[in-house]
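Let me begin by presenting the structure, written as structure tokens, before commenting on it.
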Amino acid sequence: MTERLPVVMLLSGRGSNMRVIAEQARHGTLPVDVRAVISDKADAGGLVIARQLGIDTETLSPKSFANRDDFDRALAARVESYQPKLVVLAGFMRILSGSFVRQFLGRLINIHPSLLPKYPGLHTHRRALEAGDNRHGATVHFVTEELDAGPAILQGRVPVLAGDTETTLSARVQQAEHIIYPRSVAWLAEGRVAMRDNQVWLDGNPLRDSPVIDVE
């Protein structure tokens, strides 16, 4: 049996990706041990879900610190106290400092709602619709110091349908997220994926392009 990988998850909102990963871990279909969920917002809906799943939760408010670096140092200390081998950003809406990223480099992943390198940053669904794209999706990637620019592990691709709005397209992308994020975490837990020299390696081979799952 694969050893369960210790994981800490960071979120700011409702935590739908956290729920999917935590529930699969609880049911034994994902070989990870979610040791804690930490949020920068005390009213984050994901904290309620985590507690219902029996996961330790913490809140660390940026307002309690003089500056971003002080907050990130305190956050890093809280994360490290759980001794994770993987830190999963699940809708954590703060840009992390370079020092935080360097501390967890290679064991820090994020999911972004676009087919990176397209549409880093915000309002990705609106931008995809305005551009007339016929495909959109989400990307799981390692976090590096450049925003949304870390090497991609796996992408989920969905069709853009006639009459789509930001809301309908977002819902379809989220379905893809719920497939590719736990899949990526599983690959990491199984030792199949690693980051070396700012490149993703899968099953001992460097990836030229990230794998893509089409979610119709």
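Run down Ala74, Ala36, Ala42 and say which single residue is assigned to a helix (DSSP H, G or I) and over 20 Å from Glu146 (Cα atoms).
It is Ala74.
Filter segment 127-160 for residues that are within 18 Å of Glu216 (Cα to Cα), of a type outside the set (D, E, K, R) and under 21 Å from the mean Cα position of the chain (by Cα) and give the result.
Ala128, His136, Gly137, Ala138, Thr139, Leu154, Gln155, Gly156, Val158
Checking Asp197 against (1) within 21 Å of Gly91 (Cβ to Cβ); (2) surrounded by fewer than 13 Cβ atoms within 10 Å (Cβ to Cβ), only one condition comes out false. Which one?
Only one criterion is unmet by Asp197, namely (1).
Can you tell me which of Gly91, Gly106 is closer than 23 Å to Asp43 by Cα, in a loop (DSSP other than H, G, I, E, B) and not hydrophobic (A, V, I, L, M, F, W, C)?
Gly91
Which residue is surrounded by the most Cβ atoms within 10 Å (Cβ to Cβ), if the candidates are limited to segment 26-76 and must be touching a Leu at 6+ places or on another chain (Cβ under 6 Å) and among the β-branched types (Val, Ile, Thr)?
Ranking the qualifying residues of segment 26-76, first place goes to Val32.
May I ask you to list the residues in segment 169-216 that are aliphatic (A, V, I, L, M) and assigned to a loop (DSSP other than H, G, I, E, B)?
Listed by number, the residues that qualify are Leu207, Val215.
For Arg26, work out the one condition from (1) out of contact with any strand residue (DSSP E or B) (no Cβ under 6 Å at 6 or more places or on another chain); (2) free of Cβ contacts under 8 Å to residues at least 24 places away in the same chain it doesn't fulfil.
Status for Arg26: all satisfied but (2).
What about Thr144, is it outside any strand (DSSP E or B), out of contact with any Cys (no Cβ under 8 Å at 6 or more places or on another chain) and within 30 Å of Asn205 (Cα to Cα)?
Criteria met by Thr144.
Values in this text are rule-based calculations from the coordinates and carry no lab data. The model shown is predicted, which means the values in this text are computed figures rather than measured ones. Methodologically, a virtual Cβ is constructed for each residue, glycine included, from the backbone with ideal geometry; neighbour enumeration extends over all protein chains shown.
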